[in-house]
Amino acid sequence: MEKPYDPGEALKLDNQLCFPLYAAARRIVGSYTPFLRPLGITYTQYITFLLLWEKDGITVGEICRRLYLDSGTVTPMLKKMEHEGYVTRQRSEDDERRVTVFLTDQGKELKKKAEEIPRKIGGCISLSGEDAQSLYRILYEILNNGCAGAAEPEKRQKAGKNWRESGQAGWREEPGGSERGTGPAGTERSA
């Protein structure tokens, strides 16, 4: 049976999916600070370096796309990284709007100093390998589908979403029609 939408319940902090995502992201990003501070870089610079260490010579547009950031955030950060001697930016001769970013020797050398960061951070997060893989998959599903939950029900279904139409945050219809969700403090609740 469908539960009617209850604005009082829907507006409780503990019923918001966005809040634990926001709080967890802040906590995880904050856990990088002790490892990044000695290198003199921020978390956003670190993830930019990860991209450039993976593939040097990528455009500002590609950096924005891969990091889910806008150019108003990325451009000033790249200017600072260039000023600090980590990268160079080169405008395309064919299209002035296209800027490609390259690591300098100093930017390449920083990779060696950062090699242990993923291992150290992995030790700070107590999730089983299976839970970590599930979380990774779910987070990328959210990122890749945008805000599909705000779309019309038919569009949500097309986007692969099977959200329950109750309007209650945190509830979903499972395959086969059973319902479940999480409530305050991560407790399981069933309808």
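Just to be sure before I move on: is Leu143 at pLDDT 50 or above, in a helix (DSSP H, G or I), of a type outside the set (Lys, Arg) and closer than 23 Å to Gly61 by Cβ in the structure I sent? So Leu143 fits the description; yes. Figure legend. Inter-residue proximity from the range 7-34: first residues assigned to a helix (DSSP H, G or I), second residues of a type in the set (Ser, Thr, Tyr) and open to solvent by less than 80 Å² (accessible area, probe 1.4 Å), beta-carbon distance below 6 Å, spacing 6+ or different chains. Indicated pairs: Val29/Tyr43; Tyr32/Tyr43. The residues in the range 24-40 that are surrounded by 13 or more Cβ atoms within 10 Å (Cβ to Cβ), within 19 Å of the chain's Cα centre (by Cα) and not small (Gly, Ala, Ser) can be counted, and the count is 4. With respect to being touching a residue at least 12 places away in the same chain (Cβ under 8 Å), in a strand (DSSP E or B) and surrounded by fewer than 15 Cβ atoms within 10 Å (Cβ to Cβ), Gln106 falls outside the description. Are any of the residues in the range 77-84 within 21 Å of the chain's Cα centre (by Cα), assigned to a helix (DSSP H, G or I) and surrounded by 13 or more Cβ atoms within 10 Å (Cβ to Cβ)? Yes: one or more hits. Take Arg65 and decide whether it is more than 30 Å from Arg97 (Cβ to Cβ), open to solvent by 70 Å² or more (accessible area, probe 1.4 Å) and not hydrophobic (A, V, I, L, M, F, W, C). No, not satisfied.
Going by what's in this entry, would Lys155 be described as in a helix (DSSP H, G or I), within 29 Å of Asp56 (Cβ to Cβ) and either at pLDDT below 95 or of a type outside the set (Ser, Thr, Tyr) (or both)? In short, no. Considering the range 41-62, the residues that are farther than 18 Å from Lys108 by Cβ and not polar (S, T, N, Q) include one that is surrounded by the most Cβ atoms within 10 Å (Cβ to Cβ), namely Val60.
The values are calculated or read from the model by the stated rules, or taken from the named source; none is laboratory data. Please read these numbers as outputs of a predicted model, since none were measured by experiment. Every residue, glycine among them, receives a Cβ derived from its backbone with ideal geometry; neighbour counts consider all protein chains shown. The accessibility values were calculated without ligands, DNA or RNA, using every heavy atom of the protein model including side chains. Shrake-Rupley method; radii C 1.70, N 1.55, O 1.52, S 1.80 Å.
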